[in-house]
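Reviewing the structure listed below.
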Amino acid sequence: MLESDRVATCERYRRRCEEFGYDCRTLGWNKDCQWVRFEAALESLRPEDIESVLDVGCGFGDLLGFLRERGWRGQYTGVDIVEDLLDVAQRAYAGDSAARFLLGEVGELGPEMKSGLVVALGVFNHRVEQGNPAFVRETFEAMWKISERVVVCDFLSTSSDPQCRDERLYYADPVAIYHLGAQYSKRVIIHHAYMPFEFQMKVWHDDSFDAAAPVFPPQRQLARAQTEWRKKRRLD
Ligand SMILES: C[S@@+](CC[C@H](N)C(=O)[O-])C[C@H]1O[C@@H](n2cnc3c(N)ncnc32)[C@H](O)[C@@H]1O
C-alpha cells in the first residue's frame, strides 16, 4: 500500500473511532451484517482449513468473536494498520491466550505468522490512490505467501446499481477477481449468494486431482463412494 493511502486509511478509521467508538459505523458498515459475511466466509471450508486464522484488516477483531461463539478454539492473529482499532480489539480479547493482534500490513509479517486460513474482509472496499487492482494484486500475493491452505477475501460488487454507488468506494468485477484467483489455483469459489452487492473469493492451495477421477481432494471420498455403489449394482 502507498504511504499516502496508509495515512489516509488510518486517518479515516481514527476519526470514525473517535466519533462512534466500538460500533459497526467505525468500520464503515452501516448495519451489523458482519456475521452474515463471516458465515459466508466459512462456508465450504473444512475444519482442517481453519486450524489457525490470520485476519488481515481485522478491525475490532469481530471475526474472532464470531469464531469463538461457534466454539472454534484455534490460534487467531489479527493484523491491521490502525492502532486505535487494534487497541479496542486487544482490550476486548485480553483474556484469550490463543489470540494476538499486530500492527502492520500482511506483507510485513514474517513466515512464523503462517496460518491455515488467511482472510481479508472489507479491506478492498475503499478507493486507493495506488489504484485498486494493483492494491488487490499486491495484498493477495502477500496473503497467498503467508497462507497454508486457503485465502478468502471480499469485495463490493459491480452488481450494484451504478446510480447507487458511492464514488469513494471500489466495486470489483467478479469475473476479473476470478481471473486473479485462477492464476494461483484451479480450486476457486466466487460466492455471490449471501448479499446482493458484495461477493467473496476463496482460493485453495491444494488443487491437486487425479486425471482418472478429476475431482479436488474434499470430493474424492464421494467419487470413490459412487464407484463402490456402482460396482455393487453391476448386473451380471
Ligand atoms: C471495513 S473494515 C473491516 C474490519 C474487519 N475485517 C471486519 O470485517 O469487521 C476494513 C479494515 O481493514 C483495515 N485495512 C485497510 N487497509 C489495510 C491494509 N493495507 N492492511 C491491513 N489492514 C488494512 C482497516 O484499518 C479496517 O480495520
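The values are calculated or read from the model by the stated rules, or taken from the named source; none is laboratory data. Remember, predicted model here, so these are calculated numbers, not experimental data. Ideal geometry is used to build each Cβ from the backbone, glycine not excepted, and the neighbour counts take in all protein chains shown. When the accessible area is computed, the model is the full protein with side chains, heavy atoms only, and any ligands, DNA or RNA have been set aside. Shrake-Rupley method; radii C 1.70, N 1.55, O 1.52, S 1.80 Å.
Can you tell me which residue in the stretch 40-66 is least open to solvent (accessible area, probe 1.4 Å), limited to those that are away from the ligand (no atom under 12 Å from the Cβ) and assigned to a helix (DSSP H, G or I)?
Once the filter is applied, the top-ranked residue is Asp49.
So the check is Cβ under 6 Å with 6+ separation or different chains; which pairs have a first residue in the stretch 44-61 that's farther than 16 Å from Arg187 by Cα and a second one that's open to solvent by less than 30 Å² (accessible area, probe 1.4 Å) and away from the ligand (no atom under 16 Å from the Cβ)?
These pairs meet every condition: Ile50/Gly116; Glu51/Gly74; Glu51/Gly116; Ser52/Gly74; Ser52/Gly116.
Within the stretch 213-234, count every residue that is exposed (fewer than 12 other Cβ atoms within 10 Å of the Cβ) and β-branched (Val, Ile, Thr).
The total comes to 1.
Can we say Glu141 is closer than 16 Å to Val106 by Cα and open to solvent by 40 Å² or more (accessible area, probe 1.4 Å)?
On the way: closer than 16 Å to Val106 by Cα: yes; open to solvent by 40 Å² or more (accessible area, probe 1.4 Å): yes.
Here the answer is yes, as Glu141 does meet what is asked.
Test of understanding: among Cys17, Cys10, which residue is farther than 17 Å from Val119 by Cα and buried (at least 20 other Cβ atoms within 10 Å of the Cβ)? Before the answer, list the steps.
Details: Cys10 fails: buried (at least 20 other Cβ atoms within 10 Å of the Cβ).
The match here is Cys17.
Read through the list (1) open to solvent by 60 Å² or more (accessible area, probe 1.4 Å); (2) near the ligand (Cβ under 9 Å from one of its atoms), then give the number of the only condition that Phe135 fails.
Of everything listed in (1) open to solvent by 60 Å² or more (accessible area, probe 1.4 Å); (2) near the ligand (Cβ under 9 Å from one of its atoms), Phe135 misses just condition (1).
How many residues, within the stretch 9-20, are without any contact (Cβ under 8 Å) to a residue 12 or more places away in the chain and within 21 Å of Arg37 (Cβ to Cβ)? Walk me through it before giving the result.
To start, the set of residues in the stretch 9-20 that are without any contact (Cβ under 8 Å) to a residue 12 or more places away in the chain comprises 11, 15, 19-20.
Those still in the list that are within 21 Å of Arg37 (Cβ to Cβ) too: 20.
Here the count works out to 1.
From (1) away from the ligand (no atom under 14 Å from the Cβ); (2) touching a residue at least 24 places away in the same chain (Cβ under 8 Å); (3) farther than 28 Å from Ser157 by Cα, pick out the condition that doesn't hold for Trp72.
(2)
Would you mind telling me which numbered condition in (1) buried (at least 17 other Cβ atoms within 10 Å of the Cβ); (2) under 18 Å from Ser147 (Cβ atoms); (3) of a type outside the set (Ser, Thr, Tyr) Gln75 fails?
Only one criterion is unmet by Gln75, namely (1).
Can you report the number of residues in the stretch 123-170 which are closer than 22 Å to His192 by Cα, more than 13 Å from the chain's Cα centre (by Cα) and among the polar types (S, T, N, Q)?
Number satisfying all stated conditions: 6.
List the number of the failed condition for Tyr184; all other conditions in (1) away from the ligand (no atom under 14 Å from the Cβ); (2) closer than 25 Å to Val36 by Cα; (3) modelled with pLDDT of 95 or more hold.
(2)
Could you tell me whether any residue of the stretch 18-34 is within 9 Å of the ligand (Cβ to nearest atom) and of a type in the set (D, E, K, R)? Let's see the steps before the verdict.
Narrowing the stretch 18-34 to residues within 9 Å of the ligand (Cβ to nearest atom): 24, 26-29, 34.
With the extra rule that they be of a type in the set (D, E, K, R), the set shrinks to none.
No, that holds for no residue.
Tally the residues that are open to solvent by less than 40 Å² (accessible area, probe 1.4 Å), among the aliphatic types (A, V, I, L, M) and closer than 18 Å to Cys17 by Cα, restricting the search to the stretch 78-112.
7
Inside the stretch 28-39, can you point out the residues that are in contact with a Cys (Cβ under 9 Å, 6 or more places away or on another chain) and open to solvent by less than 30 Å² (accessible area, probe 1.4 Å)?
Quick first cut of the stretch 28-39, residues in contact with a Cys (Cβ under 9 Å, 6 or more places away or on another chain) only: 30-34.
Passing the criteria: only Gln34.
With respect to Leu117, is the statement that it is surrounded by 17 or more Cβ atoms within 10 Å (Cβ to Cβ), more than 12 Å from the ligand (Cβ to nearest atom) and within 13 Å of the chain's Cα centre (by Cα) true?
Answer is yes for this residue.
Quick check on the stretch 213-236: of everything there that is touching a Lys or Arg at 6+ places or on another chain (Cβ under 9 Å) and not in a helix (DSSP H, G or I), which residue is farthest from Ser185 (Cα to Cα)? So that I can check it myself, show each step before the final result.
First, the residues of the stretch 213-236 that are touching a Lys or Arg at 6+ places or on another chain (Cβ under 9 Å): 213, 216-218.
Now restrict to residues that are not in a helix (DSSP H, G or I): 213, 216.
Details: Ala213: 18, Phe216: 11 Å.
Filtering the stretch 213-236 for residues that are touching a Lys or Arg at 6+ places or on another chain (Cβ under 9 Å) and not in a helix (DSSP H, G or I), the one farthest from Ser185 (Cα to Cα) comes out as Ala213.
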